[in-house]
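The values are calculated or read from the model by the stated rules, or taken from the named source; none is laboratory data. Computed from a predicted model, the values in this text were never measured in an experiment. FYI the Cβ positions are ideal-geometry reconstructions off the backbone, even for glycines, and counts take in every protein chain you see. The area values use the complete protein model at the heavy-atom level, side chains included, leaving out ligands, DNA and RNA. Shrake-Rupley method; radii C 1.70, N 1.55, O 1.52, S 1.80 Å.
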Amino acid sequence: MIGKIVVLIVLLMIVIVFLWVVPVGLWISAIASGVPVSVFNLVGMRLRRVKPSVIVLSLIKSTKAGLNLKGNNLEAHYLAGGNVDKVVNALIAAERAGMDLTFEQASAIDLAGRDVFEAVKMSVTPKVIETSMISAVAKDGIELLVKARITVRTDIDKLIGGAGEATVLARVGEGIVTTVGSSESHTAVLENPDEISKVVLAKGLDSGTAYEIISIDIADIDIGRNIGANLRSLQAEADKKIAQAKAEERRAMAVALEQEMKAAVIEAEAEVPRAMADALRSGNLGVMDYYRLQNVQADTQMKKDIATGANAYAKAKAPQETSIGTIKQES
């Protein structure tokens, strides 16, 4: 009795292992769909660490869509780390859209890290990408804030090695800045915003990218700051500071020259007593002449003191007279 139970358990384990190694249900589905897959192929997939369900279901899908794909090609793509299901879906979509897309192209695009199915969808249905607000300044100094919508579709032939959306947005932004900057006035841009689209499209901005630009539409234009006026104001302020610095330099030079002249006068005055002493010793100047010179100097100094006192008295008296006159007028 125990021996029969052991035999049954062993047989059950053998059946379970067989069903795991040989997915019979998957093999029956493949045969029913007209996909030539043998049991040995399914066992070989297990040994090669390939999921049989991924390969067989993709073969069934492609066969029903009328594509002639090889199981070895799908296995190779799976082992290379590719997404077999997306590649098959992309090939089916391309075949329905009448696009010439081979399995080699689709698998290469998938292995390059791009979504090949989305690329095919964008080739059929173009995608709209929108730029941020781009700041550009016209020749009259007025800043314009421009937003553009770019309609692109995938160029399958350039998808491998071609630049992405960021490059397209950067080139369009550069074209907008160049076009607005070459305009004589901001009003000309506001009157004909379609001129921006025409000029930018004529530059061939999609060269070297994975996309083909279909159209560029200006979504919004706003008036920003008066950059020209700000620059002129800053320039005027800088010129003012330069002029003040030059004036201060001239003033300092004048003060230095004045000090030099005063020093020269003091030096010359210091020579006067010595010259007088020499004149007295040599007899060119007499004692009486010297006294008369002293009297003249004292008289001159007295007149200066009187004049200075009179001026100070006049200045002190003037505010008092003004105050008295104001009081009389108020009364």
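Distant-in-sequence amide contacts of Ile214, defined by a placed amide H-H separation under 5 Å and a gap of 5 or more residues or a different chain, comprise Thr151, Val152, Arg153. Approximating the spin labels as points 7 Å out from Cα along Cα→Cβ, the Ile266-to-Ala247 distance works out to 3.0 nm.
Distance from the C-alpha centroid of segment 194-255 to that of segment 59-82: 57 Å, rounded to the whole angstrom. Across the accessible surface of segment 222-304, with the other protein chains kept in place and a 1.4 Å probe, carbon and sulfur atoms take up 60 percent.
Pairs with C-alpha atoms separated by more than 27 Å, drawn from the list Lys240/Lys262; Lys139/Lys203; Lys86/Lys147, are Lys240/Lys262; Lys86/Lys147.
Calculate for the chain the 222 nm mean residue ellipticity that helices alone would give, adding -39,500 (n - 2.57) per DSSP H run of length 4 or more and normalising by residue count, nearest 500 deg cm²/dmol. Helix-only estimate at 222 nm: -22500 deg cm²/dmol.
For a paramagnetic label modelled at 7 Å from the Cα of Ala112 toward its Cβ, which residues of segment 147-180 fall within the zone defined by backbone nitrogen distances under 17 Å? Of the residues in segment 147-180, 153-168 have backbone N under 17 Å from the label point off Ala112. 3J(HN,Hα) couplings calculated from phi for segment 145-161 with the Karplus curve 6.51 cos²θ - 1.76 cosθ + 1.60 (θ = phi - 60°) are, in sequence order, 9, 10, 10, 10, 10, 10, 9, 10, 9, 6, 9, 4, 5, 9, 5, 8, x Hz; Gly and Pro show x.
Computed over the chain, the Cα gyration tensor eigenvalues convert (square root of 5λ each) into semi-axes of 106, 30, 22 Å, ordered from largest to smallest. Counting charges near Ser183 (Lys, Arg +1; Asp, Glu -1) among other residues having Cβ under 14 Å from its Cβ returns a value of -4. Modelled spin-label separation between Leu47 and Ile306, with each label point placed 7 Å from Cα along the Cα-to-Cβ direction: 14.0 nm.
Residues of the chain: accessible area per residue at 1.4 Å, in Å²?
Here the residues of the chain average 65 Å² of exposed surface.
Taking a straight Cα-Cα cut-off under 13 Å and skipping sequence neighbours fewer than 8 places away in the same chain, the aspartates and glutamates within cross-link reach of Lys158 are Asp206, Glu212.
Under 5 Å between amide hydrogens, built in the peptide plane, is the criterion, and for Thr209 it picks out Ala163 among residues at least 5 positions away or on other chains.
Within the straight-line cut-off of under 13 Å between alpha carbons, the aspartates and glutamates reachable from Lys51 are Glu75, Asp85, sequence neighbours fewer than 8 places apart in one chain being disregarded.
Given that compact globular proteins tend to follow 2.2 N^0.38 Å, what is the ratio of the alpha-carbon Rg of segment 156-251 to that value?
Numbers: Rg = 21.4 Å, N = 96, 2.2 N^0.38 = 12.5 Å.
Dividing the Cα Rg of segment 156-251 by 2.2 N^0.38 Å gives 1.72.
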